[in-house]
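Asks: Following this message is one structure expressed as structure tokens.
The values are calculated or read from the model by the stated rules, or taken from the named source; none is laboratory data. Quick caveat: nothing in here was measured; it's all calculated off a predicted structure. As a convention, Cβ positions derive from the backbone with ideal geometry for all residues, glycine included, and neighbour counts pool all protein chains shown. Surface accessibility is based on the protein's heavy atoms, side chains included, excluding ligands, DNA and RNA. Shrake-Rupley method; radii C 1.70, N 1.55, O 1.52, S 1.80 Å.
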Amino acid sequence: QRSSEREKKMGYSWDETERGVDKRPNQIVGKPEGLAANNTTIASHKVRPFLEPKETDHVSVAFLARAPKKFVAKLGDESVNVRREALMTMSKWLLAHPTHKATQVEAGGVEVLTKLLTDEDQTVREKAAGALSLLGSIHQGVQAMISLGTIDHLLEVIKLTESADTRKNANACLQQIGAYPDGRAAIVAGKGVPRLVEVCTEDVMFGDAMLSLKCCLQDDAGLTEALEVGACKAMVHVLHSSKSPPVLQHALRNLSLLTGPTTAKQEAIQEGAIKPVVLLLQHEAWPVRAAATAALMSIVIDVEGKKQATEHGVIDTLIDMIHDRNLPVVLLAVRCLGNLAECKRDVLAGPMESVYTGTFDKALPQLSTLMQSQDRVLAKAARDTADLIKWRP
């Protein structure tokens, strides 16, 4: 075996019949050399096939320098097909490297894309909104959009465009802008909150506008304006009308943000938010259950909210939820149960003492188990809730 490996390494081989008396090779067959071998090699290379072009992602430095200006020039072309191709190529180029977005903004890409939002071609408007969402991922692009009035055009696209893909791209761009504090302030200053609330009320099939509104609710002025234009009523309407789990989840999260102030909790209760939120606690999708629990936990801080939620049987539902397999649902259910248990302080001296005591005591065995959890946050929440349930005057 060693001799065969050595033979392969040295480029020759022999058989037993070709060995001499001293076991040395009588004939060596190696690489052909000499004039005849060279002529044969040259003859085999006389006809060579043409090289086929191979796709590559390597481009020259000169192309990278002039690409942004080339895109801007192509986007202003009169041909619709040229504009479409330029937008598709530009989007791929922006995703290729982070620095491409900054160079495209410096070359005036935001201005020309903003103009294309009102283009006569639907595909061009859709691709332009998508490219703007890519440029909105950097703060330099957001600043350019604020100064050029791109936000107002995006809001018009969301409200008036029939294409779902175009609205989705426009909302994605608004969400990128709203990720920055100055971007959120600009959306609120541009009267974006009333428009988004109106869109959320009319379109209950998609949750893109819900996410855009959520960005505005994180701004103090945006939250105040949302409450003034009836955002709580709009979210309750969505909870009654929509069947889509993502839409329900986004509406519940917005309701949690809206019900931060005490007056907002009372407004949500008056609009009838308790009943649909309690029903969604039993939704088949656990993200919806978690969002509904968070919204209820915010609302039931108000005494009237606790009473209405208790009348709808929420305590038994929450006790079942602390056995859920999903940790976020369990944690929120434990905390919400603790908020409701505080209500006993007002009723233990009355005729409903035995009812409340017997209802809440059902949760104590599972809470004792959760106190031993390795998750420190969950264990502490379980201890706090158990202390509120066991409290007696």
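Asks: Estimate the FRET efficiency between Q266 and D316 by the formula 1/(1 + (r/R0)^6), using the beta-carbon distance for r and 30 Å for R0, to the nearest 0.05.
Replies: 0.75
Asks: Further question: With the full set of protein chains in place, find how many percent of the accessible area of region 102-142 is carbon and sulfur; take the probe as 1.4 Å.
Replies: 47
Asks: Continuing with the same structure: Whole-Hz ³J(HN,Hα) for each residue in region 274-282, computed from phi via Karplus 6.51 cos²θ - 1.76 cosθ + 1.60 with θ = phi - 60°, x for glycine and proline: what do you get?
Replies: 5, 4, x, 5, 5, 5, 6, 5, 9
Asks: What do you reckon, how do H250, H312, H240 stack up by accessible area (1.4 Å probe), largest on top?
Replies: My answer, sorted largest first, is H240, H312, H250.
Asks: How big is the dipole moment of region 73-119 about its Cα centre under a simple scheme where the beta carbon of each Lys and Arg is +1, that of each Asp and Glu is -1, and everything else is neutral? Debye, nearest 20, please.
Replies: 160
Asks: Which Cα, out of H283, P261, L248, lies furthest along the positive dipole direction of region 185-304 (beta carbon charges, K/R +1, D/E -1)?
Replies: H283
Asks: Another one. Report the gain in length on full extension from V377 to W286: 0.36 nm times residue separation, minus Cα-Cα distance, nm rounded to one decimal.
Replies: 30.8 nm
Asks: Starting from the residue with the highest accessible area, list M371, M145 in decreasing order, probe 1.4 Å.
Replies: Largest accessible area first, the residues go M371, M145.
Asks: With θ set to phi - 60°, apply the Karplus curve 6.51 cos²θ - 1.76 cosθ + 1.60 along region 321-336 and write out the HN-Hα couplings as whole Hz, x wherever there is a Gly or Pro.
Replies: 6, 6, 9, 5, 7, 9, 4, x, 5, 5, 4, 5, 5, 5, 5, 5
Asks: Among S163, H100, S79, whose Cα lies farthest out toward the positive end of the dipole of region 68-174, if unit charges sit on the beta carbon of Lys, Arg (+1) and Asp, Glu (-1)?
Replies: Of the options given, the answer is H100.
Asks: Where the accessible area of region 282-345 is counted over protein heavy atoms with a 1.4 Å probe, how much of it, in %, is carbon and sulfur?
Replies: Working: 1280 of 2650 Å².
Of the solvent-accessible surface of region 282-345, carbon and sulfur hold 48 percent.
Asks: Largest first, how would D375, D302 line up by accessible area (1.4 Å probe)?
Replies: Values: D375 55, D302 25 Å².
From most exposed to least exposed: D375, D302.
Asks: Then there is this: Let me know the charge dipole size of region 239-308 about its Cα centre in debye, to the nearest 20, where only the beta-carbon of Lys, Arg (+1) and Asp, Glu (-1) is charged.
Replies: The dipole magnitude comes to about 140 debye.
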